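A short worksheet on the structure shown next.
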Amino acid sequence: MARKQRFREEEEAAVDMTPMLDIVFIMLIFFIVTTSFVKEAGIEVNKPKAAQATKQKNANIFIAIRNNGEIWIDKQQVDVERVSAKIESLLAEQPTEVVILQADKEAKHGTVVKVMDQIKATGDNLRISIAGDQ
């Protein structure tokens, strides 16, 4: 009889881990859903210094222009004529309002303006932010 009573005491003293695991899984799902993934242009650009630079939030499209005129979007080199189509495909995947343009300080002004025209041709609601080193 003493054995049965000791077994019951040990059984009652056990901690139920189920509610804690439920909370952990709910938190995991919450953090996965609320995380935003940023796509980089795919190359390093030597940007000019900016004295009045501000940080842009929630931008998912980065366009990089190298000093030799190469245009990179989503780790792929793109022709100037194809910039608008590439942006449209990226917007279909993940909508955003801001496109960040990272131009090398030695890049030609004409190439940068052509890329900006292609961005504006994609949609009037897109804002262009030009990235510079702070």
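Readers should treat all values here as calculations from the given coordinates under stated rules, not as data from a laboratory. As the structure is a computational prediction, the values presented were derived from the model and not from experiment. Using ideal geometry, Cβ is built from the backbone for each residue, glycine included, and neighbour counts are taken over all protein chains shown.
Annotations for the structure displayed:
- Inter-label distance, GLU70 to GLU97: 3.4 nm, where each label sits 7 Å from its Cα along the C-beta direction.
- Long-range HN-HN contacts of ARG127 with modeled amide H, under 5 Å: VAL98, VAL99
- Cut-off under 5 Å, modelled amide H: who pairs with ILE61 long-range: ILE100
- Net length gained if the chain between THR35 and VAL80 were fully extended (0.36 nm per residue, minus Cα distance): 13.0 nm
- Derived scalar couplings between HN and Hα for the range 90-105 equal 5, 5, 5, 6, 8, x, 8, 10, 10, 10, 9, 9, 10, 10, 4, 5 Hz in order, rounded to whole Hz, by the Karplus curve 6.51 cos²θ - 1.76 cosθ + 1.60 (θ = phi - 60°), x for Gly and Pro.
- Loop trypsin sites (Lys or Arg not before Pro), the range 56-128, which have at most 16 other Cβ atoms in a 10 Å radius of their Cβ (DSSP): LYS57, LYS75, LYS105, LYS108
- The HN-Hα couplings worked out from phi for the range 66-80 by the Karplus form 6.51 cos²θ - 1.76 cosθ + 1.60 (θ = phi - 60°) are 7, 5, 8, x, 5, 10, 10, 9, 6, 6, 10, 6, 10, 6, 4 Hz, whole numbers, x standing for Gly and Pro.
- Derived scalar couplings ³J(HN,Hα) [the range 116-130; Karplus, 6.51 cos²θ - 1.76 cosθ + 1.60; whole Hz; x for Gly, Pro]: 5, 4, 5, 5, 5, 5, 5, x, 6, 7, 7, 9, 9, 10, 9
- About the Cα centre, charge dipole magnitude for the range 59-134 (Lys/Arg +1, Asp/Glu -1 at Cβ), debye: 120
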